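The values are calculated or read from the model by the stated rules, or taken from the named source; none is laboratory data. Note that the coordinates shown come from a computational prediction; the quantities given were computed from them, not determined experimentally. Cβ placement follows ideal geometry from the backbone for every residue including glycine, while neighbour counts extend to all protein chains displayed. The area values use the complete protein model at the heavy-atom level, side chains included, leaving out ligands, DNA and RNA. Shrake-Rupley method; radii C 1.70, N 1.55, O 1.52, S 1.80 Å.
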Amino acid sequence: MNDAWNVLLWVALPYAAFAVFVVGHIWRYRYDKFGWTTRSSQTYENRLLRWGSPMFHLGILAVLVGHVVGLLIPREWLYAIGIDEHMYHLGATVLGSLAALLTIAGLAILIYRRRTVGPVFLATTRMDKVMYVFLGGVILFGSLATVMYQVLGPGYEYRGTIGPWFRSLIILQPQPQLMAEVPLMFQLHVLCATLLFALWPFTRLVHVFSAPVGYLFRPYIVYRSRDADGRTGSHPTRRGWEGIQTPDPKKLTKL
């Protein structure tokens with residue numbers, strides 16, 4: 001691969017995808033707030049969703065944590081806290097494989113549900129289908145790379161190539177040559193992830209930034225029982241309209 005292709009794929013494309021990611025979210029939030037939603041289809045079918053959704057979300061969160069450690073944390077920092085090369089690769093391979101299996105199983109259930117449940121299929125948009133293609137591609141190529149090189153193969157030290165390349169983009173000193181000799185499956189995994197980030201603002205994935213984190217810190221909702229005399233809790237009843245009562249017969253006779 002010549003230098004021009006290296007610059008295009010490993011410098012221009014990532015920066016363009018990041019720009020679309022940021023500007024697209026701002027535009028979407030300003031002009032499509034009603035569309036900023038997960039487009040939940042739980043009311044149409046709940047049995048498969050109850051299994052597929054937690055499996056996928058837990059698996060993808062574990063995969064994300066693994067990528068953050070592998071790409072953003074230099075191996076020298078891990079050495080400093082006692083995590084050597086063998087320990088890291090053992091944990092990354094075992095835990096990463098389990099997380100990948102959980103993610104694939106959850107995604108398979110969700111896709112099967114969308115294809116077989118009529119109302120859910122009718123509620124699926126074109127962008128949903130495009131999103132599933134790229135999301136599936138990211139997971140597929142990442143899983144194949146792990147199996148081919150980390151599980152069955154001799155292993156590939158991506159922390160010496162992909163990790164430094166990714167960090168070089170962050171500090172605005174890109175080094176595309178680091179990706180030139182990376183195995184094809186890893187390259188396809190990175191390219192699919194880059195394109196998925198460019199598509200992100202225009203899909204239901206925007207709901208990631210609307211997680212109800214505030215629920216973890218909101219005050220408790222206090223419920224008070226109604227007393228026998230009609231008062232609620234310890235607060236006195238405010239004066240208001242008096243209800244209609246039956247006239248007292250003794251007062252009527254005096255009149």
Would you confirm, using the coordinates I've provided, whether residue 159 is out of contact with any Cys (no Cβ under 9 Å at 6 or more places or on another chain), of a type in the set (D, E, K, R), open to solvent by less than 40 Å² (accessible area, probe 1.4 Å) and over 24 Å from residue 27 (Cβ atoms)? yes
Would you confirm whether or not region 181-190 contains a residue that is open to solvent by less than 40 Å² (accessible area, probe 1.4 Å) and in contact with a Ser or Thr (Cβ under 6 Å, 6 or more places away or on another chain)? yes
Qualifying positions in region 17-50 - assigned to a helix (DSSP H, G or I), in contact (Cβ under 8 Å) with a residue 24 or more places away in the chain, open to solvent by less than 50 Å² (accessible area, probe 1.4 Å) and of a type outside the set (Lys, Arg): 17, 21, 24, 25, 48, 49
Determine if region 73-86 includes at least one residue that is touching a Ser or Thr at 6+ places or on another chain (Cβ under 9 Å) and either part of a helix (DSSP H, G or I) or modelled with pLDDT of 85 or more (or both). no
Farther than 29 Å from residue 121 by Cα, part of a helix (DSSP H, G or I) and of a type outside the set (A, V, I, L, M): is that true of residue 10 in this structure? yes
Take the residues in region 109-136 that are free of Cβ contacts under 8 Å to residues at least 40 places away in the same chain and small (Gly, Ala, Ser), then tell me which one is least open to solvent (accessible area, probe 1.4 Å). 136
Among the candidates 218, 204, which residue alone is basic (Lys, Arg) and either open to solvent by less than 60 Å² (accessible area, probe 1.4 Å) or at pLDDT 95 or above (or both)? 204
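Residues are listed down the side, and each one gets a yes or a no for (1) assigned to a loop (DSSP other than H, G, I, E, B); (2) at pLDDT 70 or above; (3) within 30 Å of residue 100 (Cβ to Cβ):
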| residue | (1), (2), (3) |
| --- | --- |
| 159 | no, yes, yes |
| 166 | no, yes, yes |
| 181 | yes, yes, yes |
| 190 | no, yes, yes |
| 196 | no, yes, yes |
| 237 | yes, no, no |
| 246 | yes, no, no |
